Amino acid sequence: MTQQAAALQTYNNELVKCIEDLCSKRDELNSQIKQEEEERERLEHDIHVLSEKLSRVNKSLEQRLAARATFDRTIAETEAAYTKILESSQSLLSVLKQEAGNLSKATEPRRREHYQQ
């Protein structure tokens with residue numbers, strides 16, 4: 001019986017050691033789980049913060065794009081109006097030169113006729 005008692009004691013010791021090892025591994029795993037849960041919480045918080053920031057940036061970008069479109073439209077309209085003014089000025093100058101030439105022609109013969117008489 002002493003051999004059986006010794007064998008039983010050996011098995012018991014090994015069983016206790018195995019259980020202690022399993023408990024130790026479980027504790028280590030629990031520690032890893034806690035670390036990953038904390039990391040997940042930090043990441044979720046960062047995602048929330050970044051999502052809010054992204055939303056603000058998108059809103060700002062949308063406003064700036066609208067403002068740029070307004071600038072583009074205003075510039076295009078102003079350039080078109082300025083082009084029309086230049087064309088009108090050119091036409092006016094052309095008409096004025098033509099009229100001035102006609103007036104010069106109309107007044108020159110009279111002066112000659114006036115002096116010839």
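Tabulated data for the structure shown
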{"item": "Folded to 0 to 90 degrees: helix 2-116 orientation relative to the chain principal axis, Cα", "result": "0 degrees"}
{"item": "Under the Debye formula (equal points on every Cα, no solvent term), log10 I(q)/I(0) of the chain at q = 0.11, 0.14, 0.21 Å⁻¹", "result": "-0.81, -0.92, -1.12"}
{"item": "Area accessible to solvent at residue 41, 1.4 Å probe radius, in Å²", "result": "120 Å²"}
{"item": "Heavy-atom accessible area per residue - the chain, 1.4 Å, Å²", "result": "98 Å²"}
{"item": "Nearest-20 debye value, the range 22-90 charge dipole, Cβ charges on Lys, Arg, Asp, Glu", "result": "220 debye"}
{"item": "Accessible-area value, residue 99, 1.4 Å probe, nucleic acids and ligands omitted, Å²", "result": "90 Å²"}
{"item": "Hits among lysines - C-alpha to C-alpha of residue 34 under 27 Å, sequence gap 8 or more where chains match", "result": "17, 25"}
{"item": "Lys, Arg +1 and Asp, Glu -1 on Cβ, resulting dipole of the chain about Cα centre, debye, nearest 20", "result": "1500 debye"}
{"item": "Normalised alpha carbon radius of gyration of the range 1-56 [divisor 2.2 N^0.38 Å]", "result": "2.35"}
{"item": "Residue (of 10, 102, 90) at the positive-pole extreme of the chain, dipole from beta-carbon charges", "result": "102"}
{"item": "Eligible lysines near residue 105 by straight Cα distance, threshold 21 Å, same-chain separation 8 or greater", "result": "97"}
{"item": "Accessible-area value, residue 72, 1.4 Å probe, nucleic acids and ligands omitted, Å²", "result": "90 Å²"}
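The values are calculated or read from the model by the stated rules, or taken from the named source; none is laboratory data. Model, not experiment: these values are computed from the prediction. No Cβ is skipped: glycine too gets one built from the backbone with ideal geometry, and neighbour counts run over all protein chains shown. In case anyone asks, the SASA skips ligands and DNA or RNA and just uses the protein heavy atoms, side chains included. Shrake-Rupley method; radii C 1.70, N 1.55, O 1.52, S 1.80 Å.
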